[in-house]
Amino acid sequence: MTDIRNIVILTGAGISQESGIPTFRSEDGLWEQHRVEDVATPEGYIRNPVLVHNFYNRLRKNLAGAEPNSAHRALARLEREWPRGSVTVITQNIDDLHERGGSQKVIHMHGELKSILCKACGAHSVWDRDSSEDDVCPVCGRKELRPDIVWFGEMPYFSEEIFEYLASGSLFLSIGTSGAVYPAAGFISTVNRLHYPSVEFNLRPSLQHSSFTFSVYGKAGITVPDFVDKLLEKGSIDFLKKTKV
Ligand code: NAD
C-alpha cells in the first residue's frame with residue numbers, strides 16, 4: 001500500500017444529513033419542494049428573483065439551528081492530528097458545518113449560504129441575514145446582490161486549486177455525495193489517473209462506486225469517526241481490506 005501523505009476529502013450533502021440538513025435529491029427530484037430549475041439555475045433567478053432569495057433565506061435560517069455532527073468533527077480531528085501531510089476538505093456543501101466542526105482547510109466549490117455575490121462588482125461579502133433585491137452591496141453600494149451559490153450551468157469556484165490538491169494527494173475520501181453533480185463527480189477519475197487509493201462513504205453505492213478502491217456503507221456520523229480513529233492509529237488504510245465490496 002502506498003505511503004499516505006496528503007489527504008483530499010470531497011464532501012456532499014450526505015455528511016450534513018445527520019445535522020438535520022436535507023440532502024439534494026429526494027425521491028421526487030425536488031430540492032426542499034422546489035424544482036431545481038427554479039431555485040438552482042441562473043435562468044430560474046432571472047424568472048423569479050424573489051422566490052430564489054427567499055429559498056436561500058430559508059436554508060440560511062435552517063442552518064442557524066443546525067450543529068456539526070460527529071463526521072464533521074472527525075475530519076477536523078484528522079486535519080489537526082494527521083502527522084504526515086495536509087488534510088484538505090473540498091465541499092459541495094453550502095453550509096458552514098465543516099468550519100464550525102473545527103476544520104480549517106475547507107474549499108467551498110459551490111459557494112456558501114453565508115456569503116453574498118454582487119453581480120455588478122463581483123465582490124463576495126459575508127452575509128448572515130435574509131437577502132433581497134433591495135439590499136445594497138457592502139463594497140460598491142449597488143442593488144445587484146444574488147445568493148453566492150454556484151448554480152447549474154455555472155463554473156464552480158477554485159477549480160485550479162482543487163486540481164492542484166488532487167494532483168498532490170495520496171488518499172482520496174468521498175463522503176455523502178451522489179456522484180451525479182459534475183465536475184465533482186469526475187474527481188475520482190482524476191484520482192484514478194494519478195493511481196492513488198480512494199474510499200467512498202455513503203449509505204449505499206453511489207453512481208461512481210465501482211471507480212473507488214474501497215467502499216464503506218453506513219451513516220457518515222458512525223463510519224467516518226471510526227475510519228479516522230483507525231487511520232490515525234495505524235497510519236495506513238490496510239484495515240479497510242475487509243470492507244471492500
Ligand atoms: P446529493 O443530495 O445528490 O446526494 C447525497 C448523497 O449522500 C446520497 O448519495 C446519499 O445516499 C448520501 N447520504 C445521505 N445521508 C447520508 C448519511 N447520513 N451518511 C452518508 N451518506 C449519506 O448531494 P451532493 O452529491 O452533495 O449534490 C447535491 C448538490 O446540492 C451539491 O452541489 C450541494 O451544493 C447542494 N446541497 C448542499 C447541501 C448542504 O450544504 N448541506 C444540502 C443539499 C444540497
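The values are calculated or read from the model by the stated rules, or taken from the named source; none is laboratory data. It should be emphasised that the depicted structure is a prediction, and the values quoted were computed from it without experimental measurement. Using ideal geometry, Cβ is built from the backbone for each residue, glycine included, and neighbour counts are taken over all protein chains shown. Accessible surface is based on the protein model in full, side chains and every heavy atom, while ligands, DNA and RNA are left aside. Shrake-Rupley method; radii C 1.70, N 1.55, O 1.52, S 1.80 Å.
Residues in the stretch 182-221 that are in a loop (DSSP other than H, G, I, E, B) and out of contact with any Gly (no Cβ under 8 Å at 6 or more places or on another chain): 10 in all.
Among the conditions (1) within 16 Å of the ligand (Cβ to nearest atom); (2) modelled with pLDDT of 95 or more; (3) of a type in the set (A, V, I, L, M), the only one that Leu207 does not satisfy is (2). The residue of the stretch 87-102 that is nearest to the ligand (Cβ to nearest atom), among those that are out of contact with any Ser or Thr (no Cβ under 7 Å at 6 or more places or on another chain) and open to solvent by less than 10 Å² (accessible area, probe 1.4 Å), is Ile90.
The number of residues in the stretch 178-197 that are under 15 Å from Gln92 (Cα atoms) and either open to solvent by less than 20 Å² (accessible area, probe 1.4 Å) or more than 8 Å from the ligand (Cβ to nearest atom) (or both) comes to 8. A Cβ distance below 6 Å, combined with a sequence gap of six or more or placement on separate chains, defines the contacts here; from the stretch 52-64, residues that are of a type in the set (Ser, Thr, Tyr) reach residues that are at pLDDT 95 or above and open to solvent by less than 10 Å² (accessible area, probe 1.4 Å) in the pairs Tyr56/Pro147.
State yes or no: is Ser86 over 20 Å from Val228 (Cβ atoms) and polar (S, T, N, Q)?
For Ser86, the condition - over 20 Å from Val228 (Cβ atoms) and polar (S, T, N, Q) - is not met.
Across the stretch 153-176, the qualifying residues are those that are small (Gly, Ala, Ser) and part of a helix (DSSP H, G or I), and the one among them that is nearest to the ligand (Cβ to nearest atom) is Ser159. Restricted to the stretch 219-240, and to residues that are more than 11 Å from Ala74 (Cβ to Cβ) and of a type in the set (Gly, Ala, Ser), which residue is farthest from the ligand (Cβ to nearest atom)? Going through the qualifying residues, I end up with Gly235. Residues in the stretch 105-128 that are in contact (Cβ under 8 Å) with a residue 40 or more places away in the chain, part of a loop (DSSP other than H, G, I, E, B) and open to solvent by 10 Å² or more (accessible area, probe 1.4 Å): His110, Asp128. Only one of the listed residues (Glu200, Glu164) is without any contact (Cβ under 8 Å) to a residue 60 or more places away in the chain, open to solvent by 20 Å² or more (accessible area, probe 1.4 Å) and charged (D, E, K, R). That residue is Glu164.
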